[in-house]
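Peer 1: Submitted below is the structure of interest, expressed as structure tokens.
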Amino acid sequence: MANPNVRVRFCPSPTGNPHVGLVRTALFNWAFARHNGGTMVFRIEDTDAARDSEESYRQLLDSLRWLGLDWDEGPEAGGPHAPYRQSERMGIYAEIADRLLAAGRAYRCYCTTEELDARREAARAAGRPSGYDGQCRDLTDGQRAAYEAEGRAAIVRFRMPDEPITFTDLVRGELTFTPENVPDYGIVRANGAPLYTLVNPVDDALMEITHVLRGEDLLSSTPRQIALYQALIDLGVAKEIPAFGHLPYVMGEGNKKLSKRDPQSSLNLYRERGFLPEGLLNYLSLLGWSFSADQDVFSVAELVERFDIADVNANPARFDLKKAEAINADHIRRLDVAAFTAACEPWLTAPFANWEPERFDRTAWEAIAPYAQTRLTVLSDITANVDFLFRAEPVEDEASWAKAMKPGAAELLVTAREKLAAADWESPEALKEAVLAAGEAHGLKLGKAQAPVRVAVTGRTVGLPLFESLQILGAERTLARIDAALAGLAREAAAQDA
Ligand code: GLU
Ligand code: ZN
């Protein structure tokens, strides 16, 4: 059932390039919001000036727009809870930290890193829980004054409740965390800078987020956030604890977690290779979710119609590049021809095109495009498939040449040239008959006979349907290329004899 009160958030930190895990999180939030007719909030968690960058921020916006994942509130869109960049909300966090301190829900901790390390080691050696031991929980005014007099800096630590915390994860069901496993934790650094542990739940509360959907790596922060939320409710800042759903890990090669540093996980890579946004979204939605038992290719509209967080699987998902490509190929086939030709455009111009721009021939392109559309897995493959039409000469690919120009190739090409010259160029079928007949004359099946023709004309052993390609290239240029190949073979033979 649709629930228009749903408010989800996508709240990345602008560090590095957008990666697959991040996009999967954005997608699941977006699909859940759109499925419910709810609200998608986009917030930028840029409180770490040392790591955050403006470039990364721009890339995030650009990537979401390319994918078509729109947001109702957030950067550039605005909204009732603006600003949506945490770097512009510092005053809010300082005030809340003060209120938590005043209410005794947080306290100043004066322990130095060395002291904390030493106590952690000792606890570990004694087999006790090694998290923060609560030493500064109940300092007297005198003790506090003494520390201050020593010139010690204090962080602000949140006081966790002494009871276990239980919640029902939307993906993993009921989970309980005991106090030993969730010690008091820092929310503001000694220099006054608020930490993720504070700003993230505070903003979720202020922005009235109802569902927190995010990666499993953040599961351990959930009991802390629930406790902080409870404190915010008691202070009158928050209304209700949101529901949490933790999306499964994505595994890469060798069953290791896909890391954002893996080249396979870079969103830009997929974009540059010519994945369609809808192809990539389709594939990413299958990382932890499934559309139905017998269908894994679907449109974004179908995804939105069906998506529910309750159907997300807790088991790790495996990133399968081959499957991603196959799904993308299906989406390429689903485009109408005009959309397909338009989508290929970037790869038919600089810096990808390997021909003089003025040689591009739109009529030839439009004639060949339908044959390409059923064969590409990624759009960037288009360049190599059609360059024979736009180059003065075919590319020189030594491996293809060596493979196709075996002994007997010259004889075959001579006959093929003769038959092609006499053929009816109005019909690809007639061109096929010509090459077939040439093959027969030399005891070769069609496959073997067409290989040298293809390499002579396109430079490559693989490509689009040959006879349609020849027809679009035209008789004159086809025959001239066969002549050029024959001349090349003659030079090779002469060099060998010498
Ligand atoms: N800024 C956090 C991150 O990128 C958000 C985590 C969350 O969704 O709570 O990891
Ligand atoms: Zn302390």
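The values are calculated or read from the model by the stated rules, or taken from the named source; none is laboratory data. Everything quoted here is computed from the prediction, not taken from an experiment. As a convention, Cβ positions derive from the backbone with ideal geometry for all residues, glycine included, and neighbour counts pool all protein chains shown. These area figures cover heavy atoms from the full protein model, side chains too; ligands, DNA and RNA do not enter into them. Shrake-Rupley method; radii C 1.70, N 1.55, O 1.52, S 1.80 Å.
Peer 1: For the range 155-250, what does the relative contact order come out to in percent, with C-alpha contacts under 8 Å and a separation of six or more?
Peer 2: In percent, rounded to a whole number, it is 32.
Peer 1: Please report the Cα spread of the chain along all three principal axes, rounded to whole Å, starting with the longest.
Peer 2: 105, 55, 41
Peer 1: A further question on this structure: How large is the charge dipole for the range 11-111, taken about the Cα centre, if only the Cβ atoms of Lys, Arg (+1) and Asp, Glu (-1) carry charge, to the nearest 20 debye?
Peer 2: The calculation lands at about 380 debye.
Peer 1: Of N36, P18, T47, which is farthest towards the positive pole of the range 1-52's charge dipole, taken about the Cα centre with +1 and -1 on the beta-carbons of Lys, Arg and Asp, Glu respectively?
Peer 2: It is N36.
Peer 1: Let me ask something additional. Taking Cβ-Cβ under 4.7 Å as the only way to count a partner, pick out the unpartnered cysteines of the chain.
Peer 2: C11, C111, C344
Peer 1: For the chain, what is the accessible area per residue in Å² when the probe is 1.4 Å?
Peer 2: Details: 23510 Å² over 498 residues.
With the other protein chains kept in place, the chain gives 47 Å² per residue.
Peer 1: A follow-up question, please. Return the carbon/sulfur percentage of the accessible area of the range 372-429, one whole number, probe 1.4 Å, all protein chains in place.
Peer 2: Carbon-and-sulfur percentage of accessible area, whole number: 49.
Peer 1: Given Cα pairs under 8 Å that are at least 6 residues apart, what percent is the relative contact order of the range 84-179?
Peer 2: 28 percent
Peer 1: Still on this structure, please answer the following. Would you work out which of G474, P242, P75 lies farthest towards the positive end of the dipole of the chain, given +1 charges on the beta-carbon of Lys and Arg and -1 on that of Asp and Glu, about the Cα centre?
Peer 2: P242
Peer 1: Helix-only mean residue ellipticity at 222 nm, the chain, DSSP H runs n ≥ 4 weighted -39,500 (n - 2.57), per residue, nearest 500. What is it?
Peer 2: Values: 20 runs with 235 residues, N = 498.
That comes out to -14500 deg cm²/dmol.
Peer 1: Let me ask another. Enumerate by residue number the GluC sites (Glu not before Pro) in the range 367-442 meeting two conditions: DSSP loop (anything except H, G, I, E, B), and at most 13 other Cβ atoms within 10 Å of the site's Cβ.
Peer 2: E396, E426
Peer 1: A follow-up question, please. Which whole-Hz couplings ³J(HN,Hα) result when phi for each residue of the range 242-254 is put into the Karplus expression 6.51 cos²θ - 1.76 cosθ + 1.60, θ = phi - 60°, listed in order with x for Gly and Pro?
Peer 2: Result, ordered by residue: x, 7, 10, x, 9, 7, x, 4, 10, 9, x, 3, x Hz.
Peer 1: Kindly write out, for the range 92-108 in residue order, the coupling ³J(HN,Hα) from the Karplus curve 6.51 cos²θ - 1.76 cosθ + 1.60 (θ = phi - 60°), rounded to whole Hz, with x marking Gly and Pro.
Peer 2: Listing the rounded values in order: 4, 5, 4, 5, 5, 4, 4, 5, 5, 5, 4, 8, x, 7, 9, 8, 7 Hz.
Peer 1: Taking every DSSP beta bridge with both residues inside the chain, roughly what % is antiparallel (nearest 5)?
Peer 2: Numbers: 17 of 31 bridges.
Antiparallel: roughly 55 percent of the beta bridges in the chain.
Peer 1: For the chain, find the longest principal axis of its Cα atoms and tell me its angle to the long axis of helix 20-36, 0 to 90°, nearest 10.
Peer 2: 80 degrees
Peer 1: Same structure, new question: So what is the relative contact order of the chain, in percent, for Cα pairs below 8 Å that sit 6 or more residues apart?
Peer 2: Relative contact order, the chain: 12 percent.
Peer 1: Any chance you could count the Lys pairs in the chain whose alpha carbons are under 27 Å apart, treating pairs 8 or more apart or on different chains as valid?
Peer 2: Close lysine pairs under the 27 Å cut-off: 20.
Peer 1: Just name one of L286, T176, P316: the one whose Cα is farthest towards the positive end of the charge dipole of the chain (beta-carbon charges, Lys/Arg +1, Asp/Glu -1).
Peer 2: After comparing all options, I get T176.
Peer 1: Another one. I'd like the trypsin sites (Lys or Arg not before Pro) in the range 293-384 restricted to DSSP loop residues with at most 15 other Cβ atoms within 10 Å, sorted by number.
Peer 2: On the way: sites: R306, R318, K322, K323, R333, R334, R359, R362, R375; in loops: R375.
Here no trypsin sites (Lys or Arg not before Pro) fit, given the DSSP loop and packing criteria.
Peer 1: Taking the Cα centre of the range 262-336 as origin, sum charge times position over the Cβ atoms of Lys and Arg (+1) and Asp and Glu (-1), and report the length of that vector in debye to the nearest 20.
Peer 2: It works out to roughly 260 debye.
Peer 1: Follow-up question, since we're still on this one. In whole percent, how big is the carbon plus sulfur part of the accessible area of the range 11-144, probe 1.4 Å, protein atoms only?
Peer 2: Carbon and sulfur: 48 percent of the exposed surface of the range 11-144.
Peer 1: Just in the range 453-498: which trypsin sites (Lys or Arg not before Pro) are loop by DSSP and have at most 16 other Cβ atoms within 10 Å? Write down the numbers at each step before the final one.
Peer 2: On the way: sites: R454, R460, R477, R481, R491; in loops: R460.
Taking the range 453-498 and a limit of 16 other Cβ atoms within 10 Å, no loop trypsin sites (Lys or Arg not before Pro) are found.
Peer 1: Okay, moving on. Give me the percent of the accessible area of the range 204-348 that comes from carbon and sulfur atoms, probe 1.4 Å, all protein chains in place.
Peer 2: Within the range 204-348, the accessible surface is 50 percent carbon and sulfur.
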